[in-house]
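The values are calculated or read from the model by the stated rules, or taken from the named source; none is laboratory data. All figures in this text were calculated on a predicted structure; none of them were measured in a lab. Here the Cβ positions follow ideal geometry from the backbone for every residue, glycine too, while neighbour counts run over all protein chains shown.
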Amino acid sequence: MKNEPAPPFSLFHKVFPAGHFLVSLLFVCCSLALLAFAAAQFWSGVSPMVEASLIERVNRVLEGLALLVVSVAALELGQTILEEEVQRKAQMSAPTRVRRFLSRFMVVLVVSLSIETLVMMFRFGQEAPQYLPYAAATGLTAAALLVGWGVFVWLNRGAEELEPEAMDQAKREDKKVK
């Protein structure tokens, strides 16, 4: 029975890690491109050779900061996909694994939205106060995501008690990846 042909789906299961690796690599490439754009934006804000008002310079630096936030988010997502899907070959069927993956994603998302809110508040406060409600809505979205994530973790803590072996396995995998 060991020489039986593999089911047709087994080939697809071997392709997924390669696909996840490519997605992760593209996230890293996008992050590096955004990092370069952020550096160029920052330089245009502080360069003494560029003629600009103080407000224009501050806005360029803030735009560079906003690009850095997105760059970090892309880099973190690339790392998460690489570690969870390629290195660990994690199956998202276990509640512990889902909770850990979502937590990593939510940390990136909430922090990115929070920093973006600060950038928008400062910028709109100086230039276009009529857009401050949009910045506030972004901050409220970050807060709502944080609350929703907290509720999700709190409601799912019982799953850890039901499957302590899954948490032990996840901790062992963490030691392998580091």
Sole miss for Glu56 among (1) modelled with pLDDT of 85 or more; (2) exposed (fewer than 11 other Cβ atoms within 10 Å of the Cβ); (3) among the acidic types (Asp, Glu) is condition (2)
Scanning the stretch 108-125 for residues that are within 14 Å of Leu75 (Cα to Cα) and out of contact with any Asp or Glu (no Cβ under 8 Å at 6 or more places or on another chain) gives Leu109, Val111, Ser112
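Tell me, yes or no, whether the stretch 137-155 has at least one residue that is free of Cβ contacts under 8 Å to residues at least 60 places away in the same chain and part of a loop (DSSP other than H, G, I, E, B). Don't jump to the end; show me each part of the working.
So the first thing to find is which residues in the stretch 137-155 are free of Cβ contacts under 8 Å to residues at least 60 places away in the same chain, and the list is 137-155.
Those left that are additionally part of a loop (DSSP other than H, G, I, E, B): none.
No - not one qualifying residue is present in the stretch 137-155.
Collect the residues in the stretch 41-70 that are in contact (Cβ under 8 Å) with a residue 12 or more places away in the chain and farther than 18 Å from Ile115 by Cβ, keeping them in residue-number order. Before you say what the answer is, go through the steps one by one.
At the first step, the residues of the stretch 41-70 found to be in contact (Cβ under 8 Å) with a residue 12 or more places away in the chain are 41-42, 44-46, 55, 57-70.
Once the filter is applied, which keeps residues that are in contact (Cβ under 8 Å) with a residue 12 or more places away in the chain and farther than 18 Å from Ile115 by Cβ, the stretch 41-70 yields Ser44, Val46, Ile55, Arg57.
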